[in-house]
Each structure stands twice: as structure tokens, then as C-alpha cells.
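K.L.:
Please read through the structure below; I'll follow up with questions.
We did not get these values from a lab; they are worked out from the coordinates using the rules stated. Everything quoted here is computed from the prediction, not taken from an experiment. Ideal geometry is used to build each Cβ from the backbone, glycine not excepted, and the neighbour counts take in all protein chains shown.
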Amino acid sequence: MAPLSSALLLVALGAGRVLSSPLAEPAIAAPAVTAAPSLDNALQKRASCTFSGSGGASSASKSQASCATIVLSNVAVPSGTTLDLSDLEDGTHVIFEGTTTWGYKEWSGPLLQIKGKDITIEGASGSVLDGDGARWWDGEGGNGGVTKPKFFAAHSLTGSSSITNLNIKNTPVQAVSINGCEGLTVTDMTIDNSAGDSGGGHNTDGFDIGSSSGVTITGAKVYNQDDCVAVNSGTDIVFSGGLCSGGHGLSIGSVGGRSDNTVDNVTFKDSTITKSTNGLRIKAVAGATGTINGVTYSGITLSSISKYGILIEQNYDGGDLHGDPTSGVPITDLTISSITGSSGVTSSGYNVVIVCGDGACSNWTWSGVSVSGGKSYGECQNVPSVASC
Ligand SMILES: *[C@@H]1O[C@H](CO)[C@@H](O)[C@H](O)[C@H]1NC(C)=O
Ligand SMILES: *[C@@H]1O[C@H](CO)[C@@H](O)[C@H](O)[C@H]1NC(C)=O
């Protein structure tokens, strides 16, 4: 077994020398390389590949299906192109090392795309994926100005896929889109767009989640200027141990008007939201149909929330609290528990706002909610009896 793995290692590294070890003296190991019998193609195929520099992205895309491990080391992705790893073999390991950068172009992106089954994606210590978003930021985000590329399409990651320790900085607009994923764990991701607070960052959503199931995000830190997390559709989703700063809080929705309008079994827990427009927000689109069932917010601490500590609305129309609430997207089996933030809302904001359509909010659990500092909203409607508004 030892001689075979030594030979494989040498082939994989393309190196001509092995470090001496008590078990493999160079005199024996070196000839083993040249004399190695033809290796099984499948084994050869599953090599470890390292790509770097300005040609690294296109080489990685071309060779992706033949590498078991892909190391992206200081890759400089040319302008107007995607670092595209959407044709990976099952079980591929992708490692980012050093600084990954992208050239400037006005286009819609994405700058990075990874897809596959049982994929392990990892950021090496000290690595950063630097979008250098300031080149696009004009305060208009996706609503106007220059066309800005979306950053990371984490689409169709299935089986038992994971993303660990990824450090993302300054995305031009939305950061991470999770769509069509079934079985994805995201651990200790940092999305730091804090430079956009004064630098014109807008619509820099942290995580946008749609049509996915079994997604667990743990230990994320998001500094941005839009939703920290927005779940537009999906089931069995957990966000825990997170920090959201600078943005629009932890959101469900908006739900309604898309091809998939079902949100079921989504939990946000043990997280902190600070310096944000909203804390918790559930947005059902007025006049639309869909389902928001089994959502839980628990163990959330709010501070410096400027508009709404908790906002649950069935009259969203692209803007909050517009017109009469409707009942086509019922909000059922909702749990809001242990939400704390004494003086968590600034004095011009509202602590809790609930605007439901007739009979459209039911079977709620509401406990340990202590959000203060702001005003009370005079126009709450159809509030379930357990809740207070
Ligand atoms: C809700 O989702 C979590 C996380 O995926 C899962 O462990 C749990 O079994 C789901 N609950 C139901 C009732 O399906
Ligand atoms: C009410 O909601 C809880 C979850 O919060 C759920 O377990 C229960 O089945 C729901 N009851 C009804 C009658 O829908």
C-alpha cells in the first residue's frame, strides 16, 4: 500500500522528489515513480490540481472533471468571466488559497459558480475572495446605475455538500445565492461588505435562499446593506449562531409572485442583529398566493435597529406596509421566542409591527419577546391573540 500511495502522490504533485521518511528511503521511492506500472486511469483522473494566476480560472474550468481536489491559489479571474466549477465530479474538494480577485466589467455575473454532489468547499486560513465591489458601487445596487455582477451562485449543491471558512469581501451586489440545493452545510462564512456602508454598497444581500431543502448555515458573519438572510422559498432550513450587521435583518420573503412560493420549516436561532434597518421580518406579498409555515425565530438579540424590531406583514408590495393586507400567503405555525433587545430599537423605529389579513395568521407561539426602545405601531391588524403589537 505504501509504495502505491507514494507513487500516486508524486504523480499528483508532478514532483520528482519525495521527502525522506523512515518508511520510504529515496533510493527506493525514486525509481518507483519512473518504473510505476501504468496507473489505473480512474486513479490518475482523481488527481490534486492547483491553479493560480490569470489563467487559473479557465484552466480550472476546463480540467474540473478530472480533479479530485482543486486548489485555487491566488487566482485572478479575468473581467466578464465566471470562475465556473459547475461540472465537478461527485465528491470533489475545492480549496481557495490566498486572494481570489476578479476584473472589472459591467455585467450581471455570477463571478463564481459551484455546483455538484457531495462537494466540499473550503477557504484556507488567511484566504479571501475579494470582489472589490467599490468599483461598481454607486448607491443604486440592482435598481439602477451600472450593471453589477452577482457574486456566488451556490446552485444545485446536493448530497452532503459543505462550504467552510469562506471569507468573502466587498461584493458588487448580492453575495451568496443558494438555489436548488438539497443538503448543504455552510459553516463560519464571513461576508464583509462593511466598506459599502459609506462607500455606496446597496442590495448586497448576504444569503438569498430559494427552492432549497436541508440547508444549514452556522456561524456566519454578515456585514452588508440589505437582507442578512432572505428565504424566498425552501424547506428545512436553519440559520444559527450568526451575526448580522448593517443590513436589513433576518427575513422570510418576500413570498409570493415567484415560481416557488412555499416556505416551510425554517429556523433562525441564537443570533445577533445589530445596526440594521430591521431585526426580524416576514414579508408576504399583497394579492399573491403561497405558504409560510413552521417558521421559528428563537434566541435572537437585537441592538441599534432603526425601523422595525419585528415586522410581520401581509401587505408587502416591494415596499413595507403598503395598503391592505391580504390572506393568500398565510403565516401559520410561527414561533417567536426569546427575542431580546431592551432599547434594541432606536426611538424613531417601531418595536413590533404585525399586519395580517383576515384569518391569515394562525397557530402562533409568542414567548419571551422583549423588544423596546422604539414606538408602538398604531395600525396592527388581525394580530393572533398570543402576540402583542
Ligand atoms: C425541519 O428542518 C430541520 C433541519 O433540516 C430538520 O432537522 C427537521 O427534521 C425538520 N422538521 C420537520 C418537521 O420536518
Ligand atoms: C401549530 O404549530 C406547531 C409548531 O409551532 C405545530 O407543531 C402544530 O402541529 C400546529 N398545530 C396545528 C393545529 O396546526
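K.L.:
With θ taken as phi - 60° and the coefficients 6.51, -1.76 and 1.60, list the Karplus ³J(HN,Hα) couplings across the range 154-160 in order, rounded to whole Hz; mark glycine and proline as x.
P.N.:
Result, rounded to whole Hz: 9, 10, 6, 8, 9, x, 10.
K.L.:
Okay, moving on. For the chain, set up a Gaussian network in which alpha carbons nearer than 10 Å are linked by springs, and say which option among 113, 314, 174 fluctuates the most.
P.N.:
Among 113, 314, 174, the largest GNM mean-square fluctuation belongs to 113.
K.L.:
Which shape class applies to the range 162-217: rounded if a/c is under 1.5, otherwise prolate when a/b exceeds b/c and oblate if not, where a ≥ b ≥ c are the square roots of the Cα gyration tensor eigenvalues? Let's see the in-between values first.
P.N.:
Details: a/c = 3.77, a/b = 1.79, b/c = 2.10.
Oblate, since a/c reaches 1.5 and b/c is not below a/b.
K.L.:
Under the classification rounded if a/c is under 1.5, otherwise prolate if a/b is larger than b/c and oblate if not, where does the range 229-323 fall, given a ≥ b ≥ c as square roots of the Cα gyration tensor eigenvalues? Can you show the working numbers first?
P.N.:
On the way: a/c = 2.39, a/b = 1.29, b/c = 1.85.
Oblate, since a/c reaches 1.5 and b/c is not below a/b.
K.L.:
Taking 0.36 nm per residue of separation and subtracting the Cα-Cα distance, what length does fully extending residue 76 through residue 105 add? Don't skip to the end; give the middle numbers.
P.N.:
Working: separation 29, 0.36 × 29 = 10.44 nm, distance 1.39 nm.
Extra length available between residue 76 and residue 105 comes to 9.1 nm.
K.L.:
Sequence-distant or interchain residues sharing an amide H contact under 5 Å with residue 162, placed H: which?
P.N.:
Long-range HN contacts for residue 162: 119, 120, 121, 185.
K.L.:
If you restrict to DSSP beta bridges whose two residues both lie in the chain, what percentage is antiparallel, to the nearest 5?
P.N.:
Values: 1 of 127 bridges.
Taking every DSSP beta bridge within the chain, about 0 percent pair in antiparallel fashion.
K.L.:
Less than 10 Å Cβ to Cβ from residue 200, Lys/Arg counted +1 and Asp/Glu -1: what total charge do the surrounding residues give? Provide the component values of the computation, followed by the final result.
P.N.:
Working: positive: none; negative: 138, 140, 197.
With Lys, Arg at +1 and Asp, Glu at -1, the net is -3.
K.L.:
Next up: For residue 87 and residue 347, FRET efficiency with R0 = 56 Å and r from the beta-carbon atoms, rounded to 0.05? Can you show the working numbers first?
P.N.:
Values: r = 54 Å, r/R0 = 0.96.
Efficiency, from the Cβ-Cβ distance: 0.55.
K.L.:
How far is helix 2-13 tilted, in degrees, relative to the longest principal axis of the Cα atoms in the chain, given as a value from 0 to 90 rounded to the nearest 10?
P.N.:
70
K.L.:
I would also like to ask the following. Is the range 314-380 rounded, prolate or oblate when judged by the Cα gyration tensor, a ≥ b ≥ c being the square roots of its eigenvalues, rounded requiring a/c under 1.5 and prolate requiring a/b larger than b/c?
P.N.:
On the way: a/c = 2.71, a/b = 1.31, b/c = 2.06.
Oblate is the answer for the range 314-380, as a/c is 1.5 or above yet b/c matches or exceeds a/b.
K.L.:
Just to be sure I understand the model, the point goes 7 Å from the Cα along the line to the Cβ. What's the resulting residue 340 to residue 370 distance in nm?
P.N.:
Distance between label points: 0.7 nm.
K.L.:
Still on this model: For the chain, what is the mean residue ellipticity at 222 nm derived from helices alone (per DSSP H run of n ≥ 4: -39500 (n - 2.57); sum divided by total residues; nearest 500 deg cm²/dmol)? Before the final figure, lay out each step's value.
P.N.:
Working: 5 runs with 38 residues, N = 389.
So the helix-based figure for the chain works out to -2500 deg cm²/dmol.
K.L.:
Still on this structure, I have one more. Could you give each residue of the range 382-389 its phi-based ³J(HN,Hα) in whole Hz, using Karplus coefficients 6.51, -1.76, 1.60 with θ = phi - 60°, and x for Gly or Pro?
P.N.:
6, 7, x, 4, 6, 8, 10, 9
K.L.:
Let me ask you something else. With the contact rule set at Cα under 8 Å and sequence spacing of 6 or more, what percent relative contact order holds for the chain? Intermediate values should be presented prior to the final figure.
P.N.:
Values: 1218 pairs, mean separation 29.4, N = 389.
Reported relative contact order: 8 percent.
K.L.:
What ranking of 271, 211, 343 emerges when the number of other C-beta atoms within 10 Å of each C-beta is taken as an exposure proxy, fewest first? Walk me through the numbers before you get to the answer.
P.N.:
Values: 271 22, 211 18, 343 14.
With the sparsest Cβ surroundings first, the list reads 343, 211, 271.
K.L.:
While we're here: Just to be sure I understand: with springs between alpha-carbon atoms less than 10 Å apart, which residue in 155, 248, 322 has the highest mean-square fluctuation in the Gaussian network model of the chain?
P.N.:
Looking only at 155, 248, 322, the biggest GNM fluctuation is shown by 322.
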